[in-house]
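Report on the following structure.
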Amino acid sequence: MERIAIPFVGTCMSQDYSRRDLLSLMGLGGLVFASGLPGCASRAAGPQAPGSPPHEDFFFLQLSDTHWGFQGPPNPQADVTLEHAVATINAVDNVPDFIVFTGDLTHTTDDPAKRRERMKRFKEIASGLKVKNVRFIPGEHDAAPDHGDAYREAFGEPTYAFDHKGVHFVTIDNVSLPGGAIGDAQLKWLAADLARLPPETPLVVLTHRPLFPLSPEWEWATKDGDQALEILGRRPSTTVFYGHIHQEHHHVTGTVAHHASRSLVFPLPAAGSVPKKAPLPWDPSSPDHGLGWRAIAMGDASPRITEIPYR
């Protein structure tokens with residue numbers, strides 16, 4: 001069996017993984033990137049820490065920034081990319097435990113009726129997924145124009161927590177309030193929710209905007225994200241998966257690892273690399289157009305990210 005060395009992001013040393021094992025995760029031909037998440041030393045394979053919740057191996061998918069309703073030269077295929085992604089995921093034998101869409105489900109519009117129509121159509125397409133455990137959080141395109149009213153009608157409350165096979169997940173809404181703030185009420189909820197968890201419980205945070213100030217001038221930040229990071233930083237290890245910036249990006253603040261996902265509509269340039277933020281031009285010759293999603297495998301060993309290009 002062919003084996004490949006895969007670099008890790010964070011504190012873990014490189015490990016050897018079977019190409020067949022990783023590719024069988026989604027059954028797709030082409031490993032792009034896999035990384036261990038910080039905190040692997042405390043969650044390495046072996047006996048569980050006393051008092052920690054039981055956990056089992058599982059994997060889930062993160063899709064982000066689908067922008068249903070977008071039209072324009074940056075993606076002349078925008079009306080079919082989401083449906084194509086759904087069909088690709090459904091064609092894979094290995095079924096993820098769940099799927100999460102991390103915001104900007106729809107493209108912004110000032111027309112309240114059109115906003116609801118786009119959310120309805122997005123929901124119809126997503127309902128075609130073979131995996132029925134599908135979770136959503138809003139992006140500013142979904143929630144900023146009306147403080148999340150239409151989103152709540154379609155998908156329910158944007159802030160919630162759930163546990164899955166020994167891992168605690170929380171969602172943070174940093175798009176509904178003006179300026180991309182989390183707000184005092186949600187910060188208090190977050191602190192109370194985490195206070196009841198044993199320190200050894202693996203924690204995953206799902207949000208749309210980056211919690212750290214990646215590029216405030218491009219609105220790639222959260223107004224009171226430092227307060228959320230202070231709460232999250234009390235734990236020995238936290239992993240944040242987010243969207244918004246339309247590209248893969250990895251960053252660590254203290255004990256918190258942050259991982260941004262690609263978009264399914266168009267890529268954006270790296271922070272500060274150009275004078276003005278704008279979608280990168282569509283390249284007809286590109287095999288994946290800079291689009292994609294990711295699989296996240298979790299278990300006794302270090303969680304692993306596999307970036308899956310759009311095909």
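The values are calculated or read from the model by the stated rules, or taken from the named source; none is laboratory data. All of these numbers come straight from a predicted model, not from anything done at the bench. Heads up, the Cβs are rebuilt from the backbone with ideal geometry, glycines too, and the neighbour counts pull from every protein chain shown. Surface accessibility is based on the protein's heavy atoms, side chains included, excluding ligands, DNA and RNA. Shrake-Rupley method; radii C 1.70, N 1.55, O 1.52, S 1.80 Å.
Highest-first packing order for the peptide set 175-187, 123-135, 261-273 is 261-273, 175-187, 123-135, based on the mean count of other beta carbon atoms within 10 Å. In the range 63-197, the portion of solvent-accessible area held by carbon and sulfur atoms comes to 52 percent [1.4 Å probe, whole percent, DNA, RNA and ligands not counted]. Among bridges DSSP assigns within the range 198-311, what percent are antiparallel (round to 5)? So the antiparallel bridges amount to about 55 percent of the total. For D104, the residues whose modelled amide H falls within less than 5 Å of its own, excluding neighbours fewer than 5 places apart on the same chain, are G139, E140, H141, D142. When the solvent-accessible area of the range 241-311 is split by element, carbon and sulfur atoms take up 59 percent of it, the probe being 1.4 Å. Rolling a 1.4 Å probe across the protein heavy atoms gives the range 118-212 an accessible surface of 38 Å² per residue. Pairs over the 27 Å Cα-Cα cut-off, from the set K132/K277; K188/K223; K130/K277; K130/K165; K223/K277: K132/K277; K130/K277. For G69, the residues whose amide H sits under 5 Å from its own are H107, ignoring neighbours fewer than 5 places away on the same chain, with H placed 1.01 Å from N. Taking the inverse of the mean 1/r over every pair of distinct Cα atoms in the range 240-311 gives a Kirkwood hydrodynamic radius of 13.6 Å. If r is the Cβ-Cβ distance from H251 to D184 and R0 is 22 Å, what FRET efficiency results, to the nearest 0.05? Computed FRET efficiency for H251 and D184 comes out at 0.30.
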